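The values are calculated or read from the model by the stated rules, or taken from the named source; none is laboratory data. Source: prediction; values computed, not measured. Here the Cβ is made from the backbone with ideal geometry for all residues, glycine too, and neighbour counts use every protein chain on show.
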Amino acid sequence: MDPLDPYDHFPAGFFSRSDESPDPAFYVYDRFVTHIDASAIQAVRALYRELGIDGEGPAKRVLDFMSSWISHFTTPPKELVALGMNQRELAANEQADEFTVHDLNVDPVFPFPDKSFDAATCCVSIDYLVRPIDVLRDAARIVRPGGVVVCTFSNRCFPTKVIRGWLMISEEQRCAVVGQYFEYAGGYHQPLIQLRTPQGAGGDPLYAVWAVVR
Ligand SMILES: C[S@@+](CC[C@H](N)C(=O)[O-])C[C@H]1O[C@@H](n2cnc3c(N)ncnc32)[C@H](O)[C@@H]1O
């Protein structure tokens with residue numbers, strides 16, 4: 001174990017996946033579906049509104065990473081950039097002004113300059129990253145100081161592409177793990193962790209972990 005390597009603080013195999021084939025092979029197929037139910041989507045929208053990162057707030061340029069044909073803003077930001085794996089899904093994203101196809105599991109560095117966004121969002125996707133700490137570290141580079149990086153997730157996934165560790169832990173532990181990702185990444189104030197759907201309401205739960213860039 002290398003105490004300086006944050007990934008070594010997780011159990012062996014935590015970041016492996018049952019399908020280790022390159023991600024483009026999986027995401028070549030279009031999936032024009034919603035990955036969470038309407039109440040969970042509404043919870044994402046409400047959070048973005050509350051954080052001031054949709055079109056009604058002060059944030060102007062926002063990155064939605066690990067995006068698809070849908071981004072979850074009630075009013076889209078003035079400039080929304082979507083980054084994901086499937087070109088046709090991203091091209092169909094009506095809220096996005098621009099999109100980029102970029103495999104964060106091959107290259108966890110975003111193809112954007114320093115401090116070029118006011119905020120970044122990642123909805124129901126952090127569990128597919130094999131180097132999530134590197135990705136969040138780089139998100140703190142491309143989002144300006146004072147801007148927020150938000151990860152939301154539920155309890156559904158593509159089980160073969162999700163990291164094994166995610167499948168082995170409870171929903172509460174997943175929240176703590178994503179909080180640890182932010183902390184190990186560095187460059188952020190203390191992350192906040194919340195269940196954003198009512199406890200025991202039925203339907204898909206929506207958890208959020210977010211942190212402000214230092
Ligand atoms: C469950 S979907 C969520 C899509 C969208 N964020 C939403 O809220 O509906 C997972 C998304 O992660 C993206 N993704 C998966 N692996 C990725 C990778 N290695 N690099 C970048 N994006 C990835 C896929 O393109 C896909 O759109």
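Quick notes on this one:
- For region 39-62, a tally of residues being of a type in the set (D, E, K, R), without any contact (Cβ under 8 Å) to a residue 40 or more places away in the chain, buried (at least 16 other Cβ atoms within 10 Å of the Cβ) and touching a Lys or Arg at 6+ places or on another chain (Cβ under 8 Å) returns 1.
- The residues of region 80-94 that are more than 10 Å from the ligand (Cβ to nearest atom) and of a type in the set (D, E) amount to a single one, E94.
- Condition broken by P24, with the remaining ones in (1) more than 12 Å from the ligand (Cβ to nearest atom); (2) surrounded by fewer than 18 Cβ atoms within 10 Å (Cβ to Cβ); (3) farther than 27 Å from Y184 by Cα satisfied: (1)
- Search result, residues across region 156-169 that are closer than 22 Å to A43 by Cβ and within 12 Å of the ligand (Cβ to nearest atom): R156, C157, F158, V162
- Looking across region 32-58, the residues that are more than 18 Å from the chain's Cα centre (by Cα) and either over 17 Å from Q95 (Cβ atoms) or of a type in the set (A, V, I, L, M) (or both) come down to A38, S39, P58.
- Against the numbered list (1) touching a helix residue (DSSP H, G or I) at 6+ places or on another chain (Cβ under 8 Å); (2) not in a strand (DSSP E or B), Q173 comes up short only at (1).
- For region 96-118, a residue qualifies if it is away from the ligand (no atom under 11 Å from the Cβ), touching a Leu at 6+ places or on another chain (Cβ under 9 Å) and of a type outside the set (D, E, K, R), and the qualifying residues are A96, P111, F112, S116, F117.
- Tally of residues being out of contact with any Pro (no Cβ under 9 Å at 6 or more places or on another chain) and without any contact (Cβ under 8 Å) to a residue 24 or more places away in the chain across region 85-100: 4
- Some residue of region 134-143 being within 12 Å of the ligand (Cβ to nearest atom), modelled with pLDDT of 95 or more and either within 18 Å of Y27 (Cα to Cα) or loosely packed, with under 15 Cβ neighbours inside 10 Å (or both): no
- The residue list V162, V135, V148 contains one member that is β-branched (V, I, T), part of a strand (DSSP E or B) and touching a residue at least 24 places away in the same chain (Cβ under 8 Å), which is V148.
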